[in-house]
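Have a look at the structure below before the remarks.
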Amino acid sequence: MAFAFIKNTLLKPIFSIIFIFIIGGSLFSQDLDIYKKGKDDNLQTPNIPSGMSYSEFQILSRNLRLKDMLYAMVVPGYVHFKADEKATGYTLLGLRTAGYIGLGAIYYSYNKHYDANYDFGNTHDGTIDVNNYDIAFVTSLTVIFATYFYDWIHGDYKLKKKQNLIRYKYGLKVELQNTYGQINTVDVVPIASIALSF
Amino acid sequence: MRIVKYIIVGFILLSFWENLIAQKSNVFIEYQYLELTNSQRNLDVIKDNYRNAELVSDSIINNQDENYINAHFYYELANAYKIGDEYGMWAFSLLRQLILFPNDSLRNGGIQSFVEACTKLKIDKSKAINIYKQGAKGPNTKSFTAKLELLIEQSIELYNKDVEELLQQYVFQYKKNSPVTSLKIKQWEYLNAIGLNIKNKKELMNNYYSATSTNIFNNNPKLEKKVNKKIMKYEKNSHSLTSFTKLFEKRK
């Protein structure tokens, strides 16, 4: 009886409330993001290893998020620019622009020559062959989508590779600094040391 | 109670002391890192560290630090450049080790590696051996500035773009500590200032220091015309050839 009551009456509102909380939570967030940011990272002053350049610091603090995927749709080569791969970024920018120009040209040309009475299958003067436009249209679209996916996938790979190199380099150097080696650059002085471990 | 206080203070002092003594220098860490990465032969990792290694090298030159580990650092850096196919910097790093921080244990491997690097730079074997031997002989005085002068003079002979970029910094450092600049360095600086390319610079300098060539242009009117044009453009006055003639006057 009680189970039937819960099932029939309460289950719907409970699920509705949970659903509202989930949706509401993401509405209040400032970014389209699946990771929750619990604190303001901008207030933290990072410990920067000596020798790290500003461009390395920038690369290391960059993450690819869902909003970047959207930006990359609008700005060709965006992910490569973010990964500091300017040459590839500009190439993608050029290719995607060519794709957009191609689409624009097809649209303009098609509208100009379009004959509403055109009988497909019969060719007569003053009309157009739709098949040529199809090829140009598909090529332009392929260039646009291919550059987008290349930008996203290859850019992501490049950024992560660079971040790994930086992390490896400075991480290993910090470790080398902390380990006690046999050779020292200053004259070797006999020392007594006590280590406390908890 | 007092004894407890002394023990605590003693512990604190000991831990400070240990940190002070066991602190490793950047050169030693860089040397260890180069050793680890060179053995992995991962080009991305090795090339990524060139800038950092040169920063450490700059600190050695600026501080005129004469620690024995510097020789090992430069030798390992030369190996890193060798793996990355940076022939000019490979030879230059070996020269830096040889002249600034001579080490007998690195001599045999050093000369072989240097000749190999020079072959890649299209410098003939006899000349490469001559450069290395001049470097191994060292300067007349033991001062760091004299060593730096010899290093610059010998490195000019490599005629490599990457090396020349670094040499400009080294010349700046050398001139800060030396009231008189050597003629060869002055000549090289002048040819750089007028914007002569490496090929022509090499030809001109080789002609000047060669015992066989009759004049500096070695009867090459095309080169003479090009050099004169560059000088006119640089000096912007009618007496423009004065500095050039003075610098490259006939050897006695």
**OP:** Evaluate the following for B:Asn130: is it assigned by TED's automatic domain parsing to the domain that holds B:Phe101, within 21 Å of the chain's Cα centre (by Cα) and under 28 Å from B:Glu116 (Cα atoms)?
**Re:** yes
Original post:
Listed residues B:Gln32, B:Gln64, B:Gln97; which is polar (S, T, N, Q), out of contact with any Asp or Glu (no Cβ under 6 Å at 6 or more places or on another chain) and surrounded by fewer than 16 Cβ atoms within 10 Å (Cβ to Cβ)?
Top reply: B:Gln64
**OP:** Kindly state which helices (runs of 4 or more DSSP H) lie completely within the stretch B:118-218 and contain at least 3 residues that are over 18 Å from B:Lys230 (Cβ atoms) and in contact with a Lys or Arg (Cβ under 8 Å, 6 or more places away or on another chain).
**Re:** B:144-156
Original post:
Does any residue of the stretch B:141-151 turn out to be exposed (fewer than 13 other Cβ atoms within 10 Å of the Cβ) and at pLDDT below 95?
Top reply: yes
Subject >> Counted residues, the stretch B:71-108 - those being more than 26 Å from B:Asp44 (Cβ to Cβ) and of a type outside the set (Phe, Trp, Tyr) >> reply: 12
**OP:** State whether one or more residues within the stretch B:175-184 are under 26 Å from B:Tyr81 (Cα atoms) and modelled with pLDDT of 90 or more.
**Re:** no
**OP:** Working carefully through the options A:Tyr71, A:Tyr90, find the one that is on the phi < 0 side of the Ramachandran plot and modelled with pLDDT of 95 or more.
**Re:** A:Tyr90
Subject >> Residues (assigned to a loop (DSSP other than H, G, I, E, B) and either outside the structural domain of B:Glu86 (by TED's automatic domain parsing) or farther than 13 Å from A:Tyr168 by Cα (or both)) located in the stretch B:28-72 >> reply: B:Arg41, B:Gln64, B:Asp65, B:Glu66, B:Asn67, B:Tyr68
Subject >> Complete set of residues in the stretch B:63-94 that are more than 14 Å from every other protein chain (Cβ to nearest Cβ), touching a residue at least 40 places away in the same chain (Cβ under 8 Å) and more than 25 Å from A:Ile166 (Cβ to Cβ) >> reply: B:Gln64, B:Tyr87, B:Gly88, B:Ala91, B:Phe92
Original post:
Looking at the stretch B:50-61, which of the residues that are over 14 Å from the mean Cα position of the chain (by Cα) and surrounded by fewer than 22 Cβ atoms within 10 Å (Cβ to Cβ) is farthest from the other protein chains (Cβ to nearest Cβ)?
Top reply: B:Tyr50
Original post:
Among the numbered criteria (1) modelled with pLDDT of 85 or more; (2) on the phi < 0 side of the Ramachandran plot, which single criterion is violated by A:Ile22?
Top reply: (1)
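The values are calculated or read from the model by the stated rules, or taken from the named source; none is laboratory data. Please read all numbers here as calculations on a predicted model, not as lab measurements. When we count neighbours, we look across all protein chains shown, and the Cβ atoms used for this are built from the backbone with ideal geometry, even at glycine.
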